[in-house]
Amino acid sequence: LKFHLVDHATNSSPAPRIVRDVTVVVEDSRDRKVETRRVPLGVAAAIVPWNYPISIAFLKIPAALLTGNCVVVKPSPYTPLTTLKIGELSRDLFPAGVLSVLSGGDELGPWITEHPGFAKISFTGSSATGRRVVQSASHTLKRVTLELGGNDAAIVLADVNVHAVAEKIFWSAFTNAGQVCMATKRLYVHESVYDELAFALAEYAKTVKVGDGFEPETKIGPIQNRAQYDRVCRLIHDIAERGERVLIGGNVVPGAGYFVPVTIVDNPPEESPVVQEEAFGPVLPMLKFSDLDDVIAKVNASPYGLAGSVWSSDADAAALIASRIHSGTVWINDWLYITPFTPFGGRKQSGYGVECGLEGLLEYTGTQTVAINRS
């Protein structure tokens, strides 16, 4: 296999600048030649969630095909049509069986992960389902990559320019109605800028319309399905039951669709469910801190480790803090910067293996060593 990698040190040409042969000569002596090369695994299954059915599928499909595998894409039962359309459009581009789309109900996933015809499973979804994927895939010991849930934290330092970052921080939490695995789900803010940022976020939220996506002024749409809508509503109900203060939102109007208002919770206790659980909806706890070591410990206490962010006017100091966070990706003054050239994956219960980058390509290969005795 030969992978064409783009050198991003310069922007002078969009064409690949480096060609790397993945075959490695381990030994080449008078008596022996030993080569280790990367070989395709066979048939890969790409199991894709409902929140970004096309973009997540296209993190998996090119990597599987480029490394010489066939691939079967299984969309979520909630979002089959767009993925099936991709299969229809690409039907004449590949030999039969190279790229297939297979849709179905909840029973289809376990059938795929158990089936001995698949050599590789790439799954994106919840940690609970990820555990079941591993369990069923273990019967044939097939290769598995898991990109699972997270409870991603953002740390806002005392030197931050609130005016410059408030809108970015808002959308890091509420893009796609918060239905993003790498969204900010816990916002830790230094006490010296807490009130200023709380006011800025609440005021900006008032300008953001939640509603029908066919209306041009709408910025946030509904929760994608009833089951997830009910989970988010239960979490908001728990906030009210506990008497926790909200800066904005918190009142779900039933019967008008799966719409949930932007809800920002004002400094709830660390042990509160809204802090400890992944909402996967437009609900954000905002927490005050004074001690940096203490807040890093709280961030790392989560069983998840998918992503996070640090916000500061001193990018170098923020990068040092990022190095102490137990997450697969940490952004500085940014959020959701993902490219095909940059590997990303989770730690702890956010999964294992990576997607994208050379490392993501190699997830779809196995090693074969060929030793030639010349004596």
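Read-outs throughout are calculated quantities, based only on the coordinates presented, and are distinct from any laboratory measurement. Please read all numbers here as calculations on a predicted model, not as lab measurements. No Cβ is skipped: glycine too gets one built from the backbone with ideal geometry, and neighbour counts run over all protein chains shown.
What is the spread of the Cα atoms of region 141-187 along each of their three principal axes, largest first, in whole Å?
Answer, in whole Å and largest first: 51, 23, 14 Å.
Using θ = phi - 60° and the Karplus relation 6.51 cos²θ - 1.76 cosθ + 1.60, list the HN-Hα couplings for region 192-200 in order, rounded to whole Hz, with x at every Gly or Pro.
So the J values, rounded to whole Hz, are 6, 10, 4, 5, 5, 6, 4, 5, 5.
In a shell of Cβ-Cβ distance under 14 Å around N333, excluding N333 itself, what net charge do Lys and Arg (+1) and Asp and Glu (-1) give?
Charge balance in the 14 Å sphere: -4.
Find the Rg to Rh ratio for region 92-231, where Rh is the Kirkwood radius over alpha-carbon pairs and Rg uses the same atoms.
Values: Rg = 20.8 Å, Rh = 18.7 Å.
Rg/Rh for region 92-231 comes to 1.11.
Taking the chain as a Gaussian network, where each spring joins two C-alpha atoms under 10 Å apart, which residue of A44, A173, A256 fluctuates the most?
Checking each option, the largest mean-square fluctuation is seen for A256.
Tell me the Rg and the Dmax, in Å, that the Cα atoms of region 312-375 produce.
Cα-based Rg and Dmax for region 312-375 come out at 17.7, 64 Å.
If you wrap a convex hull around the Cα atoms of region 260-355, how much volume per residue is inside, in Å³?
Output value, Cα hull per residue: 128 Å³.
Equivalent-ellipsoid semi-axes (√(5λ), Cα gyration tensor) for region 153-332, whole Å, largest first?
Semi-axes, largest first: 26, 17, 15 Å.
With 20 Å as the cut-off, how large is the P(r) tail for region 185-250, expressed as percent of Cα-Cα pairs?
Roughly 47 percent, once rounded to a whole number.
With everything on Cα atoms, drop me the angle between helix 53-66 and the longest principal axis of the chain, reported from 0 to 90° to the nearest 10.
The angle comes out near 20 degrees.
Convert each backbone phi in region 291-302 into a coupling constant with the Karplus relation 6.51 cos²θ - 1.76 cosθ + 1.60 (shift: θ = phi - 60°), then list the ³J(HN,Hα) values in order as whole Hz, x for Gly and Pro.
Coupling constants for region 291-302: 10, 5, 4, 5, 6, 5, 4, 5, 4, 7, 6, 5 Hz.
If you take every DSSP beta bridge whose two residues both sit in the chain, what share of them, in percent to the nearest 5, is antiparallel?
In the chain, approximately 35 percent of DSSP beta bridges are antiparallel ones.
Please list, by residue number, every one of the GluC sites (Glu not before Pro) in region 180-251 that is coil in DSSP and has at most 10 other beta-carbon atoms within 10 Å.
Listed in order of number, the matching sites are E217.
How about region 269-375: which trypsin sites (Lys or Arg not before Pro) there are in a DSSP loop, with at most 13 other Cβ atoms within 10 Å of their Cβ? Can you show the working numbers first?
Working: sites: K288, K298, R324, R347, K348, R374; in loops: R324, R374.
Counting only loop positions with at most 13 other Cβ atoms within 10 Å, the trypsin sites (Lys or Arg not before Pro) in region 269-375 are R374.
Of V210, V262, V22, which has the largest mean-square fluctuation in a 10 Å C-alpha GNM of the chain?
V22
Quick one: Debye curve from the alpha-carbon atoms of the chain only, equal weights, vacuum; give me log10 I(q)/I(0) at q = 0.06, 0.07, 0.09 Å⁻¹ to two decimals.
Reported log10 I(q)/I(0), two decimals: -0.27, -0.37, -0.59.
Compute the long axis of helix 162-174 from its Cα atoms, compare it with the longest principal axis of the Cα atoms of the chain, and write down the angle in degrees, 0 to 90, nearest 10.
60 degrees
Give the whole-number value, in cubic angstrom per residue, of the convex hull volume spanned by the C-alpha atoms of region 58-159.
Enclosed volume per residue, from the Cα hull, is 158 Å³.
Residue by residue, what Karplus-based ³J(HN,Hα) values in Hz, rounded to whole numbers, does region 243-260 have, using 6.51, -1.76 and 1.60 with θ = phi - 60° and x for Gly and Pro?
Working through the residues one at a time gives x, 7, 7, 10, 7, 7, x, x, 10, 8, 8, x, x, 9, x, 8, 8, 10 Hz.
To make sure I understand, if each residue's beta carbon is the centre and we count other beta carbons within 10 Å, what order do R37, R242, R226 fall in, fewest to most?
R226, R242, R37
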